[in-house]
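Remarks on the structure that follows.
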Amino acid sequence: MSVMDFFASLSFLLIAGIVALALLVLSIRVANQYERSVVFRLGKYNRTAGPGLYLVWPVIEWQTKLDLRTITANVEQQEGITRDNVPIKVDAVVWYRIVDPERAVIEVKAVSNAVVQVSLTTLRAVLGQHTLDEILKAQDTIAEVMQKSIDAITEPWGVKVELVQMKNVEIPPSMQRAMAQEAEALREKRARLIKAEAELDAAEQLRQAAEVIMQNPAGLELRRMQMITEVGAEQNTMTIIMMPSEFVAMARGIADAAKVVASKG
């Protein structure tokens, strides 16, 4: 072998080694702990790689990298009509994560946009199935129903919907005024009922006190003396003239006698 042939073969091996080294360097990929890469070889699914260091051969292989962390997606405001024909506007927030990277790439295109669009249609459908009072008072229950409905649709895509929450509910100003008037009327009703119950309880207590006093007339005299003491404790110019209870009884007897005489005459 001549020297020229030796150097030619050496140059070929050197070039081949450099090319192989370049291909190896270009094939190196790194995925974070929360990432996975779906690798295709010549258009066919090959493997899910990561986390850490892995190889993707140029030309014959390519990858789609996905984030497995929980993603927060805003569902834009939707206008709908409730079951009791009240127009409202509602926006929501959806928390979801990818649990199967293979299906998230193969079964649906642009998985994030698909989840948001499903959430939009589900939110609009839910608004028409509930009354305004239900939407305002049972938001957690309605959000749970939405979460289960969205999760059932996205499950074949390898997506798990973890939570759905209504962020804001807007109702027409006229309806707000009507609800305020209704709340005020309910508060006034409760106040009147409480006052009536208090008067009923007071009347019952007074009746019981009167029965006790009737059993012992001396108790009435003691009550009078106590009342005089209470009035006297207050610095005022009121003049009180006490009449013995016998005078009151005598006056009542005279009045009864007069009624009897009048009835006979």
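The values are calculated or read from the model by the stated rules, or taken from the named source; none is laboratory data. None of the values given here were measured: they were computed from a predicted structure. In this analysis, Cβ positions are derived from the backbone assuming ideal geometry, glycine residues included, and neighbour counts consider all displayed protein chains. Accessible surface is based on the protein model in full, side chains and every heavy atom, while ligands, DNA and RNA are left aside. Shrake-Rupley method; radii C 1.70, N 1.55, O 1.52, S 1.80 Å.
Label point of VAL99 set 7 angstrom out along Cα-Cβ; within the stretch 150-166, amide nitrogens under 19 Å from it belong to 150-165. Charged neighbours of ALA203, selected by a Cβ distance under 15 Å, balance to -3 (K, R count +1; D, E count -1). Remark: spin-label model distance VAL86-ALA16 equals 8.0 nm, labels positioned 7 Å along the Cα→Cβ axis. Once the chain from ASP201 to ASN74 is taken as fully extended at 0.36 nm per residue, the excess over their C-alpha distance is 40.2 nm.
Take the Cα of LEU26, step 7 Å toward its Cβ, do the same at ALA255, and the gap between the two points is 11.9 nm. Taking a sphere under 12 Å around the Cβ of GLU184 and counting the other residues whose Cβ falls inside, with K and R at +1 and D and E at -1, yields a net charge of +2. Sorted from longest to shortest, the spans of the Cα atoms of the stretch 55-192 along the three principal axes equal 81, 23, 19 Å. A cut-off under 14 angstrom between Cβ atoms defines the neighbours of THR141, and their net charge, with Lys, Arg +1 and Asp, Glu -1, is -2.
The residues of the stretch 130-216 expose on average 72 square angstrom of accessible surface per residue, using a 1.4 Å probe on protein heavy atoms. Note: relative contact order over the stretch 16-79, using C-alpha pairs below 8 Å and six or more positions apart, is 33 percent. Does the stretch 50-136 classify as rounded, prolate or oblate by the C-alpha gyration tensor (a ≥ b ≥ c root eigenvalues; a/c under 1.5 gives rounded; else a/b over b/c gives prolate, otherwise oblate)? Verdict is prolate for the stretch 50-136.
When each of the peptides 25-38, 89-102 is scored by how many other beta carbons lie within 10 Å of its residues on average, the order from highest to lowest is 89-102, 25-38. Of the listed residues LYS189, LYS44, the order by accessible area with a 1.4 Å probe, largest first, is LYS44, LYS189. Work out the FRET efficiency for TRP57 and VAL145 from their Cβ-Cβ distance, taking R0 = 35 Å, and round it to the nearest 0.05. Calculated transfer efficiency: 0.15.
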